[in-house]
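The values are calculated or read from the model by the stated rules, or taken from the named source; none is laboratory data. Just so you know, these numbers come straight off a predicted model, no measurement behind them. Note: ideal-geometry Cβ built from the backbone for every residue, glycine included; neighbour counts use all protein chains shown.
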């Protein structure tokens, strides 16, 4: 039984809810509009917004974190925000977020496709300007959430480890950004891959993201996924869900 709920039309990035008997986990809340979409969808599931145990992100870009503050304000007091361990260095000022290459060939096509999912003005509203990978803005990393409610997964010693929610694992998949991760469930064979893979081509099979920090690491991360798992469903950061009865990674285009 699949556990991931893709929420339709949440703005420039896709937002997902992972459902478990013991609670909910929300992935990539990219705008205030997306946070509102999450709240509506939780009600559609017959669940309470206070059942959201965690809010997390596949990477620290504004279109994947821009609605976190708005959502957590509606959640219960025990709801926590989880980031990759590398994000701690951003928040403490030890490191700035990664610069990104291929703005014209990578960002513009993805934005054009993603614009189809913008349905309301609030999809353009963000908690602040944190997570923009421009030289003069990459030091803006303030998250207006109480620090005691922010946690970090991983420590740099493993590239695959338990998330601590259901049967889900974190897979370190750097390339698009330094802190990029994917989430995988071995039992249901579902993979949330963030912006490692985007579904913006006519084939509908997904492509490796051309908009990236380091293309060599992007391909290494993809190779690791191909060698170690065979998901039947891919949930990309941009574009439609990718399904294959055998292995959804097989059709992904490597640019």
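Kindly provide the set of residues from the stretch 57-97 that are touching a strand residue (DSSP E or B) at 6+ places or on another chain (Cβ under 6 Å) and without any contact (Cβ under 8 Å) to a residue 40 or more places away in the chain, ordered by number.
Within the stretch 57-97, just 75 meets the criteria.
Given the criterion farther than 26 Å from residue 203 by Cα, crowded, with 21+ Cβ neighbours inside 10 Å and touching a helix residue (DSSP H, G or I) at 6+ places or on another chain (Cβ under 9 Å), identify the matching residue among 59, 123. Let's see the steps before the verdict.
Details: 59 fails: farther than 26 Å from residue 203 by Cα.
The conditions single out 123.
For the list (1) exposed (fewer than 15 other Cβ atoms within 10 Å of the Cβ); (2) touching a residue at least 24 places away in the same chain (Cβ under 8 Å); (3) in a loop (DSSP other than H, G, I, E, B), I need the number of the one condition that residue 231 fails.
Of everything listed in (1) exposed (fewer than 15 other Cβ atoms within 10 Å of the Cβ); (2) touching a residue at least 24 places away in the same chain (Cβ under 8 Å); (3) in a loop (DSSP other than H, G, I, E, B), residue 231 misses just condition (1).
Of the numbered conditions (1) in contact with a helix residue (DSSP H, G or I) (Cβ under 7 Å, 6 or more places away or on another chain); (2) in a loop (DSSP other than H, G, I, E, B); (3) more than 24 Å from residue 95 (Cα to Cα), residue 250 fails exactly one; give the number of that condition.
Checking residue 250 against (1) in contact with a helix residue (DSSP H, G or I) (Cβ under 7 Å, 6 or more places away or on another chain); (2) in a loop (DSSP other than H, G, I, E, B); (3) more than 24 Å from residue 95 (Cα to Cα), the one that fails is (1).
Can you tell me how many residues in the stretch 183-196 are assigned to a loop (DSSP other than H, G, I, E, B) and in contact with a helix residue (DSSP H, G or I) (Cβ under 9 Å, 6 or more places away or on another chain)? Show your work before the answer.
Quick first cut of the stretch 183-196, residues assigned to a loop (DSSP other than H, G, I, E, B) only: 186-189, 195-196.
Those left that are additionally in contact with a helix residue (DSSP H, G or I) (Cβ under 9 Å, 6 or more places away or on another chain): 195-196.
Residues flagged as assigned to a loop (DSSP other than H, G, I, E, B) and in contact with a helix residue (DSSP H, G or I) (Cβ under 9 Å, 6 or more places away or on another chain) within the stretch 183-196 amount to 2.
Hey, residue 114 hits all of (1) buried (at least 18 other Cβ atoms within 10 Å of the Cβ); (2) modelled with pLDDT of 95 or more; (3) not in a loop (DSSP other than H, G, I, E, B) but one; which does it fall short on?
Residue 114 satisfies all of (1) buried (at least 18 other Cβ atoms within 10 Å of the Cβ); (2) modelled with pLDDT of 95 or more; (3) not in a loop (DSSP other than H, G, I, E, B) except (2).
If a residue has to be touching a residue at least 60 places away in the same chain (Cβ under 8 Å) and in a loop (DSSP other than H, G, I, E, B) to count, how many in the stretch 197-213 make the cut?
So the count comes out to 5.
What's the number of the only condition in (1) under 18 Å from the mean Cα position of the chain (by Cα); (2) crowded, with 17+ Cβ neighbours inside 10 Å; (3) closer than 20 Å to residue 26 by Cβ that residue 152 fails to meet?
Condition not satisfied by residue 152: (2).
Filter the stretch 174-195 down to the residues that are free of Cβ contacts under 8 Å to residues at least 60 places away in the same chain and under 13 Å from the mean Cα position of the chain (by Cα), then identify the one that is surrounded by the most Cβ atoms within 10 Å (Cβ to Cβ).
Out of the qualifying residues, it is 191.
Within the stretch 126-144, work out how many residues are within 16 Å of residue 81 (Cα to Cα) and surrounded by 19 or more Cβ atoms within 10 Å (Cβ to Cβ). Even if it seems obvious, please write down each step before you answer.
Let us first name the residues in the stretch 126-144 that are within 16 Å of residue 81 (Cα to Cα), namely 127, 130-131, 141-144.
Now restrict to residues that are surrounded by 19 or more Cβ atoms within 10 Å (Cβ to Cβ): 127, 130-131, 141, 143.
Here the count works out to 5.
Search the stretch 5-38 for residues being surrounded by fewer than 16 Cβ atoms within 10 Å (Cβ to Cβ) and in contact (Cβ under 8 Å) with a residue 12 or more places away in the chain, and hand back the single one that is farthest from residue 238 (Cα to Cα).
Step by step, filter the stretch 5-38, then rank; the result is 22.
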